[in-house]
Each structure stands twice: as structure tokens, then as C-alpha cells.
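The values are calculated or read from the model by the stated rules, or taken from the named source; none is laboratory data. As the structure is a prediction and not an experimental result, all values here were calculated from the model. All Cβ positions, even for glycine, are placed from backbone atoms using ideal geometry, and neighbour counts span all protein chains on display.
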């Protein structure tokens, strides 16, 4: 007789897909994450101070729509985290009333604390260690109408406190659905393709990030001699404008080097470096590695640069003026790939290139395109 995997072990194996240890789930971050932070356009309360039931209903229906769109299986793990160890029996009993065909139940305690950031004021620092009581249910079905409504009411006058404590996990795909309260929900996936359709369907109506806050505008592209299509010119130039928050960064740069440098930042951080700017003036030296699958492009000290960091499932950009901007990884990736496609398409529509006779220069150009296609292939 095959021994069933315990819910704790199921969760542990799923967290490994996120590169995460067993910690409270509201601390989970991952680059394949979407944050839907507006479930209704209405206001929470009416003029007389009473709860706006139309607001509650809109939040409920939007949460249900998104959950059903993802098509969760009937192999579900429901995690209820009593974050402060208050032994909320009323909440536990209500949750259990929404679950159908409970296969297994498990519970255990784990320690956790809020992260302390060095720039936090002492009054905002909390170094206390808390004990979370985690309840896990391996189930086939959930009454999401009943459960989601109570979660939505948690912070606006409901009878129970489910704020940031319920996580629904598809044991087959590893996808995590976290409706934290009426203000929004988080979606996590171990693979990007699980969120692609969600991103396309809901980005205009739900995601409230300003999507004009990171844009790459190609004003013109040309070879160094603008009067002709030069098959000996290996480096594409162009007038490029990058919008980062409130800043518009415009520069006449080596567009091919800029695009490859940005492709690198889909998986790597970038620190402002002279000769390796994001919008470089030039890229006169392409230094290949031994396998010809990666290249270092070195130019002069002129250009426009900014920093790129991957933090908490987001991409953080910092301009040379010190202005930070956070964007979703998927948003960032879409814009970088769109720019790379425009550059590559210009090469394809131009005359075929004459490879240099010099072996080092020829290998540099070959390595450039090998790395280009490898990095694009990894992300598509």
C-alpha cells in the first residue's frame, strides 16, 4: 500500500520550486509573481459610514473570476497561517466548513519575524520572534464563494480575521493563490507560462501600476554611415529614449550593444560601469569567451546608465540621479524583448554582414549573436 505524502511534505516540495525554505508564506517572493491590487472601483463605505455591499460583491466576483481563470485542479493544498499563534478556533472551524473531501490534515508551528532593514527607523523595527500555527488541508474542492467573501470582509468589519492568512496551492502545478483581503491578491507560479494568460487578460483592467513608467522608445535606427546600408558595419546605432519613472533618458547610442546589455539584465543585476553603460556611445570591442556563447562589449566612457536589481520578485531600477523605480518582472521582460525584437528585425531587413577577416573580431561578432539568441531563447 502506497503511503500518501503528508501535507507538510507536499508544501515543502512546492516551496523548493520557488527556491524557498519553509517560512511563513506572506514572506514569499518570486519573480513569477503578479500583484492584483484593486478588485473594485467602488469605495468601501457609504456616506452614512455603513459597508458598501456592492463593493464587497465586486471584490468577490473579481477574485472568483481570476481564480477560475487559472483553472486550479482538484488536488489542492489549503494553508491557513495563524501568524501570531492566537489559536483562532472560530476561524479554523469556518475554514473547514468551506472544504470538501479533505484527504489529509496536518498542523505544526514555526518561528518567524519581520525583516529588519538598515534604513528603517528604530520605531519601525520589530525584532520580536513570533510563533505561527500552520494548518494544512489536502482537499479536492473549496467553496470559494463562501471563503473568499469572509476573507474580503476581514479588514472591513467582518466577524473573522483571515487577513493575509489563507493560501490555496495547486499541488499539481505549484501555483499559489493568495487573496489577502479586500485590497487585492497575489499569484505565484514556479513557471512563467502559468501566469502569461493571466497577465494578458487582466493587466489593463486590474493591475494599477502605471505601465508608461518603464518604456523603451526607438526613435530611429541606422548604420554609422546613415547614407547607406553598410554590410561591413557590424554595430547598429540609433536614437533611443528610455522612460524610467519621471525621467526621460535620451541618447544616440549603439543600439545593438544596448539591447544585448538589457537582455543580460533579465537574469543578472547591473551596476553602472564606465564603458559598459546601458545606452553606450559605442561598442568598438567585442571580446568573446572561449565557447563563443558570450561576449563582453567594451566602449568609451560616454553613455547613459542606470542600475538594475532583482529584489523580492520585482525589478528595481535606479537612475544616475538616484531615482528608484520598481516594475514587475514580467512587465520589464516584455519591454526588453520588444526592444530586442526591433533591433534584430532591423538586422534581418538589412544586407547580410561581411564577417571580418580577423579571427578575434569575427569570433566577437559570432559570440554576440550566440549570446543574443541564447538569452532570448531562455526567456521566450
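Values computed for the structure shown
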quantity	calculated
Answer residue from segment 327-355, given it is surrounded by fewer than 17 Cβ atoms within 10 Å (Cβ to Cβ) and out of contact with any helix residue (DSSP H, G or I) (no Cβ under 9 Å at 6 or more places or on another chain) and is nearest to residue 193 (Cα to Cα) among those	338
Count of residues meeting criterion [at pLDDT below 95, crowded, with 16+ Cβ neighbours inside 10 Å and over 27 Å from residue 358 (Cα atoms)] in segment 284-313	2
Residue within segment 176-187 that is assigned by TED's automatic domain parsing to the domain that holds residue 74, crowded, with 19+ Cβ neighbours inside 10 Å and over 19 Å from the mean Cα position of the chain (by Cα) present	yes
Criterion violated by residue 263 - all others in (1) under 23 Å from residue 32 (Cα atoms); (2) modelled with pLDDT of 95 or more; (3) assigned to a loop (DSSP other than H, G, I, E, B) satisfied	(3)
Checking residue 112 against (1) modelled with pLDDT under 95; (2) over 28 Å from residue 199 (Cα atoms); (3) loosely packed, with under 13 Cβ neighbours inside 10 Å, the condition it does not meet	(3)
Qualifying residue in segment 25-38 (condition: in a helix (DSSP H, G or I), touching a strand residue (DSSP E or B) at 6+ places or on another chain (Cβ under 7 Å) and crowded, with 19+ Cβ neighbours inside 10 Å)	yes
Residue within segment 272-290 that is in a loop (DSSP other than H, G, I, E, B), farther than 16 Å from residue 328 by Cβ, touching a helix residue (DSSP H, G or I) at 6+ places or on another chain (Cβ under 6 Å) and assigned by TED's automatic domain parsing to the domain that holds residue 17 present	no
Residue list for segment 270-283, restricted to those being exposed (fewer than 14 other Cβ atoms within 10 Å of the Cβ) and in contact with a strand residue (DSSP E or B) (Cβ under 8 Å, 6 or more places away or on another chain)	271
Residues satisfying the stated conditions in segment 240-251, i.e. surrounded by fewer than 16 Cβ atoms within 10 Å (Cβ to Cβ) and either within 16 Å of residue 374 (Cα to Cα) or free of Cβ contacts under 8 Å to residues at least 60 places away in the same chain (or both)	241, 248, 250
Subset of segment 1-25 [more than 28 Å from residue 265 (Cβ to Cβ) and at pLDDT 90 or above]	6, 7, 8, 9, 10, 11, 12, 13, 14, 24, 25
Scan of segment 252-269 for residues that are free of Cβ contacts under 8 Å to residues at least 60 places away in the same chain and surrounded by fewer than 19 Cβ atoms within 10 Å (Cβ to Cβ), ordered by number	252, 268, 269
